[in-house]
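The values are calculated or read from the model by the stated rules, or taken from the named source; none is laboratory data. Small disclaimer: the values here were computed from a predicted structure and weren't measured. In this analysis, Cβ positions are derived from the backbone assuming ideal geometry, glycine residues included, and neighbour counts consider all displayed protein chains. Accessible surface areas use protein heavy atoms only, side chains included; no ligands, DNA or RNA. Shrake-Rupley method; radii C 1.70, N 1.55, O 1.52, S 1.80 Å.
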Amino acid sequence: MSPPTHTVTNQAPPLVGYDVYAADTTLVEGVARHVAPELREEVHRELGDIGRAAGSSQARGWAEAADAHPPVLRTHDRYGHRIDEVEFHPAWHRLLGRAVSSGLTDAWSRPGGHLRRAAGFLVWSQAEAGHGCPVSMTHAAVPALRADPELAAEWEPRLASRVYDPRLAAPGGKPGALFGMGMTEKQGGSDVRAATTRAEPLAEEGTYLLTGHKWFCSAPMSDAFLVLAQGPGGLTCFLLPRVLPDGSRNVFLIQRLKDKLGNRSNASAEVEFDGTWARRVGEEGRGIATIIEMVAATRLDCATGSAALMRQAVAQAVHHAGHRCAFGGLLIDKPLMRNVLADLALESEAATTTVLRLAAAYDTDDEQERHLRRLAVAVAKYWITKRCPPLVAEALECLGGNGYVEESGLPRLFRESPLNSVWEGSGNVQALDVLRVLQREPQALNAFLGEIGLARGADHRLDRAITSLLTELADLEGIEARARRVVERMALVLQGSLLVRFAPAAVADAFCASRLGGDWGATFGTLPNGLDLAAIVERARPPV
């Protein structure tokens, strides 16, 4: 045997075999802050189970396999019969099955359900993000279905089920079900009111036949979908099952699967309807009003999913720097690298703190909280998803060439990072939605100002930023052209107010100095002098 040419040294061990939840101090503290005291022990135990699974070598293997073997469309069987089925790698089913069994589609019917479900979604999405699409759609379908109490009574128990059954079968014969959504069409995109899909009423009340197409249909292997179509009374929301109650297949023609930048494990499809049976949800002509609560819930999931990607990227970068030596010492101890890591950690902590606060707003019937989330979810979705790609890119760079190699996992995170800013309304759609709320729903703005006002007087830079924002909001002339600027300021002020109230002094000070005080460059790693960067980095470091 030939002698080895070299011995491998100075390489960081893989970040695996750890509790993703327990290692995230920001998340643990946030859950404890918002969950009812009597539920705290139960919820921490539940999230710890998910966290250990997410950090396991088994989950890492599933993620790699699901990403390396994308879904395959089978339009016909061997005899030429149309079947329109999507085949997934077994790893996909294991990831999705664990998500369902962990209650990530069950938020609406249990105490503290939204907070604990959001925290679990944030943890488990760090294992692999692609399968989160049907998880999110299934969770978010519930408020739209409640526009029809009969439909809700039939479907909600299936959606909240802890049993994953991937078969295409009659819904009544399955222990659980998943939902997808189809809104956008070729000619309209985000302008869903331009939909041309037609809905013709049948003799049975509330039933229709649909004819048309959907340019993007999420999770096409799901048991049912919420779609929009033009009925006699205008744009209407419909429930479209894949399999009819008698066991026959509904007409659901999958034309192709999208070849996407990232999100490779998940299927997104173009579908055609040709006499496809559907059941009306809500009133005719009220399609947008019916489905808007579903959209709001999925938008919060977009922000939560981005927070998950950010947290995993930061954990990988800090872990690497804590084990890699260069220029005479550990990277984590080098002043410039410490600045970069601390800056990344600030962004991640702000994102996590924000999504937990908004998830908790769903766990109450308080009217003020309802108004807050109407505005703040769109603000958070806009900003957090925008911050994800540059953060993941910088974290990848912290690993150098190792981060550019597939085995590190960072390239998969990077390909996934732009997705959430596109799904459920891109940046301009979110910004315009915020403007609509500001102009039409003064209670929502009052709730938002009330939330940030809870931190007033605690930091002079935050106080100045609040005053500046109020000045900006007082001038609505030509506001559309500067909508992104306004929404960005709203997001930063909201995040600053939450960190000032809840985060350690080192974190709040650094955030306010850089994001609100103006002492910050155009890239990560440009935090000002005089901050306790070591404490910020250590807070973000996985104990592995």
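Below are the figures for this structure:
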{"read-out": "Student exercise, the chain dipole from Lys, Arg, Asp, Glu Cβ charges, in Debye to nearest 20", "value": "680"}
{"read-out": "Förster radius 45 Å - calculated FRET efficiency between residue 330 and residue 42, Cβ distance, rounded to 0.05", "value": "0.70"}
{"read-out": "Sparse-neighbour loop sites [GluC sites (Glu not before Pro); the stretch 342-425; at most 13 other C-beta within 10 Å; DSSP]", "value": "none"}
{"read-out": "Length added when fully stretched, residue 397-residue 79, from 0.36 nm per residue minus Cα-Cα", "value": "109.3 nm"}
{"read-out": "Unit charges at the beta carbon, dipole of the stretch 197-327: most positive-side option, 322, 295, 238", "value": "322"}
{"read-out": "Dipole in debye (nearest 20) - the stretch 226-333, about Cα centre, beta carbon charges: Lys, Arg +1; Asp, Glu -1", "value": "260"}
{"read-out": "The stretch 415-433 residues near the modelled residue 476 label - backbone nitrogen below 16 Å, point 7 Å along Cα→Cβ", "value": "432-433"}
{"read-out": "Sparsely packed GluC sites (Glu not before Pro) within the stretch 144-249, loop by DSSP, other Cβ within 10 Å at most 12", "value": "204, 205"}
{"read-out": "Within the stretch 453-544, trypsin sites (Lys or Arg not before Pro) in DSSP loop having at most 12 other beta-carbon neighbours inside 10 Å", "value": "none"}
{"read-out": "The stretch 489-541 shape via C-alpha gyration tensor axes, a/c threshold 1.5", "value": "oblate"}
{"read-out": "Estimated 222 nm signal from helices in the chain, with DSSP H stretches of n ≥ 4 weighted -39500 (n - 2.57), rounded to 500", "value": "-16000 deg cm²/dmol"}
{"read-out": "Solvent exposure of the stretch 409-512 as accessible area per residue, Å², 1.4 Å probe", "value": "42"}
{"read-out": "Size of electric dipole in the stretch 13-56: Cβ of Lys, Arg +1 and of Asp, Glu -1, about Cα centre, debye, nearest 20", "value": "100"}
{"read-out": "Prolate/oblate/rounded label for the stretch 267-380 (Cα gyration tensor, a/c 1.5)", "value": "oblate"}
{"read-out": "Positive dipole terminus of the chain, leading residue within 68, 282, 466 (C-beta point charges)", "value": "68"}
{"read-out": "Accessible area expressed per residue, the stretch 199-271, with surrounding protein chains retained (probe 1.4 Å, Å²)", "value": "35"}
{"read-out": "In degrees, nearest ten, helix 40-54 long axis to first principal axis of the chain (Cα)", "value": "90"}
{"read-out": "Distance between the stretch 308-346 and the stretch 420-497 - C-alpha centres, whole angstrom", "value": "32"}
{"read-out": "Cα gyration tensor category, rounded, prolate or oblate, for the stretch 184-266 with a/c compared to 1.5", "value": "oblate"}
{"read-out": "Rg/Rg_ref, the chain, where Rg_ref = 2.2 N^0.38 Å and atoms are Cα", "value": "0.98"}
{"read-out": "Rounded percent of accessible protein surface that carbon and sulfur make up, the chain, 1.4 Å probe", "value": "52"}
{"read-out": "Angle in degrees between helix 367-398 and the longest Cα principal axis of the chain, rounded to the nearest 10", "value": "60"}
{"read-out": "Whole-Å distance, taken between Cα centres, linking the stretch 1-36 and the stretch 128-198", "value": "35"}
{"read-out": "Accessible area per residue, Å², the stretch 115-185 with all protein chains present, probe 1.4 Å", "value": "27"}
{"read-out": "Folded to 0 to 90 degrees: helix 113-124 orientation relative to the chain principal axis, Cα", "value": "70"}
